[in-house]
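Read the structure below first, then the notes.
Each value in this text was obtained by applying a stated rule to the coordinates, not by laboratory testing. Computed from a predicted model, the values in this text were never measured in an experiment. Cβ: placed from backbone, ideal geometry, glycine included. Neighbour counts: every protein chain shown.
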Amino acid sequence: MNIINFEALELPPETAALRQEVRAFLREELAGLGARQKAQTWTGFDAEFSRKLGERGWIGMTWPREYGGQERGVLERYVLLEELLAAGAPVAAHWIADRQSGALLLRYAREEVRRRYLPAMTRGELFCCIGMSEPNSGSDLASIRTRATRVEGGWKINGSKLWTTNADRAQLMIALVRTSREEDSRHAGLSQFIVELASPGVTVRPVVDHTGAAHFGEVFFNDVFVPEEMLLGTEGEGWAQVNAELALERSGPERYLSSYRLLEELVAAAGPAPEPEIAALVGTLTAELWTLRQMSLSVSGQLARGALPALEAAIVKDLGARFEQDIPPLVQAAIDPELAAAGGGALQDALEYLLRASPSFSLRGGTREILRGIIAKGLGLR
C-alpha cells in the first residue's frame, strides 16, 4: 500500500519576478478578449499567440538549451502556466507539446528525432496531439486495438484514435499502439510511436462537441508507414511510458483552473459588498481552489525530483475535475438575472459556455471510474 504524499511546497523567490513579467505581457495581449473566449483558456487555439510565447522562451522553458529550451525550473514553469490559465490565455496550440510530448521526446526519443522536432516546438511552430483513446477503448488503454506491424525499415500502423484533441491542427501525434499480444498481461505488447499526421494513409475527421466547437478529432491509420527511429523508447514498454505521460497530464494547474474564469467574473460582478450567499460561495470555492493548488504544486515538486507520483496525480485530477464541474451549477443557482447581466454580461457569457463545456472535464486524462480504480489500487483496496 502506498502512503499518499502531498508535502507542502513553497515557491522559490525567483518566481515572483517571472509572475509579474507574465502578468504584464498578458494584460497587453489579452486586452481584447471577451469572457467567453477567456473561459475556453487551454482549449482556445491561437497559433500566433503560441508563437509569441515561443519568442519569449515560454514554451519548453525547462528543456535543455541545445533543443531550444531555457533550462529554467519546473516551479517557474508552474507559475507561468497558472498565470496563463487564470488570465484565460488561448494556449491550446502548444499545450500538449509543452506539457507532455516534448518531455517524452527528451526522455525516450533518439537524438536525431529530438533535434528534428524539439526546437520547432519551443518556437511555437510545431503542435502535437495524443493518440491514446479509441472508439471502443476510452480510458481503458490496455484494450486498444490499433496495431503496428514491423516491415522493412520501420512499421505500418492500422487502426484509429478517437477524442484526440486538436488532431486536425497538430502536425505530430504520439500514438499508443499494440505491437504484440501477450496472453498473460493486457498491458504488455504496447508501444509508442511518433507519427507525422501529414503521412500518406492518415485521415483526420473533426468531432463537433455539444458546444459547437471541434476541439476533438478522430484519426484513421491505413497502412501508415513509420520509420524505425520514430519508435519512442523501447518496443513493448508503452504501458510504463504512457503512465509517466499521464502523471504529467493529470496533475497540472489545468486540472483545477478550467472554470476559474467564472469564479473571477462572479467576484467582479458581485463587487466589494456582495450578498451573503455570494460571499459564502466565493469563500468556499476559493478555499477549495487553494487546497487543490497546493496539492498540484506538491505533485509538480515530486516530478521535478524524478519521482512518479501516479497516485497523487490521479487524486488531483479526480478532485480537480469535480471542482471544475461543480462551479457552473453552483454559480447558476446563486445568481439572479440582475447580477448575471452586470458588467456587460461577462458573467453570463462565461456561465453559458462553462455549463456546456464542463461535463467533458471529467473525461480528459481519464474518466472518474478509471481514476478511482487507480486510487483504490494505490491505497491497497483492490
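Compactness of the chain was expressed as the Cα radius of gyration divided by 2.2 N^0.38 Å, which yields 0.99. The Cα-based radius of gyration and maximum Cα-Cα distance (Dmax) for segment 64-130 are 12.1, 37 Å. Computed over neighbours whose Cβ is under 13 Å from that of residue 120, the net charge equals +2, Lys and Arg +1, Asp and Glu -1. When 38, 156 are sorted by how many other C-beta atoms sit within 10 angstrom of their C-beta, beginning with the fewest, the order is 156, 38. Run the paramagnetic zone check for residue 209: 7 angstrom along Cα to Cβ, then residues of segment 127-170 with backbone nitrogen under 19 Å. Residues passing the 19 Å test: 128-140, 161-170. Classified by the C-alpha gyration tensor, segment 209-321 has an oblate form. Its axis ratio a/c, with a ≥ b ≥ c, is 1.5 or above, and a/b does not exceed b/c. Angle check, please: helix 276-304 long axis (alpha carbons) against the longest principal axis of the chain (alpha carbons), in degrees 0 to 90, nearest 10. Tilt of helix 276-304: around 30 degrees. Spherically averaged projected area of the convex hull of Cα atoms, segment 232-382: 11.0 nm². Net charge of the neighbourhood of residue 260, taken over other residues with C-beta under 11 Å away and scored Lys/Arg +1, Asp/Glu -1, is -2. Among 85, 172, 339, the residue with the largest mean-square fluctuation in a Gaussian network model of the chain, with springs joining Cα atoms closer than 10 Å, is 339.
Look at the alpha carbon pairs under 8 Å that are at least 6 residues apart: their mean separation over the length of segment 53-204 gives a relative contact order of 18 percent.
Between segment 42-68 and segment 303-382, the alpha-carbon centres lie 26 Å apart. Against the chain, whose longest principal axis is taken from its Cα atoms, helix 111-122 shows a tilt of about 20°. For segment 166-239, the set of trypsin sites (Lys or Arg not before Pro) satisfying both a DSSP loop assignment and a count of at most 15 other C-beta atoms within 10 Å is given as 181, 186. What does the charge add up to near residue 289, with Lys and Arg as +1, Asp and Glu as -1, over the other residues with Cβ less than 12 Å from its Cβ? Charge balance in the 12 Å sphere: -3. Against the longest alpha carbon principal axis of the chain, how many degrees, from 0 to 90 and to the nearest 10, is the axis of helix 260-270 turned? Between the helix axis and the principal axis of the chain, the angle is about 10 degrees. For segment 14-127, the Cα gyration tensor yields ellipsoid semi-axes of 24, 16, 11 Å (square root of five times each eigenvalue, largest first, whole Å).
Could you tell me whether segment 129-237 comes out rounded, prolate or oblate from its Cα gyration tensor? Rule is a ≥ b ≥ c as square roots of the eigenvalues, rounded for a/c under 1.5, then prolate if a/b exceeds b/c, otherwise oblate.
Judged from the Cα gyration tensor, segment 129-237 comes out oblate (a/c at least 1.5, b/c at or above a/b).
So, by mean Cβ neighbours within 10 angstrom, what's the order for 20-32, 258-270 with the highest one leading?
Packing order, densest peptide first, comes out as 258-270, 20-32.
Separation of segment 172-234 from segment 75-111 is 21 Å, based on Cα centroids.
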